[in-house]
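To start, the structure under review is shown below, and the notes come after it.
The values are calculated or read from the model by the stated rules, or taken from the named source; none is laboratory data. What you see is a predicted model, and the numbers here were worked out from it, not measured in a lab. Here the Cβ positions follow ideal geometry from the backbone for every residue, glycine too, while neighbour counts run over all protein chains shown.
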Amino acid sequence: MFAIAEIAGRQIQLSAGARVKVPLLDAVAGDKVAVDRVLAVIDGDKSRFGAPALDNVSIDATVLEHGKSAKVINFKMKRRKGYRRIHGHRQNYTLITVNGIQA
């Protein structure tokens, strides 16, 4: 059984016991988090889809830690002009573990 949920504007596939990196959440490590915006639940042959979200479905998760992902390099260059720009960026994330899906 797995579910597709929207967390901080991103759609993420979640299943029980999974450890997932999600966009930065405003919670302390060790806190319980409930995700209420569940778009779909798939259990074998049975599927339920919301329009846009399902009612009475939530996902319980625990925050493990916060961190920064690997650096992404943005490099711009125009040939024969001497124009070169390098810009790096590290996105913040929250690592959560999914405790269960209440459908």
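Brief remarks follow.
- Test: residue in segment 21-41 that is outside any strand (DSSP E or B), at pLDDT 95 or above, at negative phi and among the β-branched types (Val, Ile, Thr): yes
- Residue check, Ser69 among the polar types (S, T, N, Q), out of contact with any helix residue (DSSP H, G or I) (no Cβ under 7 Å at 6 or more places or on another chain) and exposed (fewer than 12 other Cβ atoms within 10 Å of the Cβ): yes
- Residues of segment 66-80 satisfying the condition of being part of a strand (DSSP E or B) and either of a type in the set (Phe, Trp, Tyr) or touching a His at 6+ places or on another chain (Cβ under 9 Å) (or both): Val72, Ile73, Asn74, Phe75, Lys76
- Every test in (1) under 16 Å from Ala8 (Cβ atoms); (2) in a loop (DSSP other than H, G, I, E, B) is passed by Val63 save one, and that test is (2).
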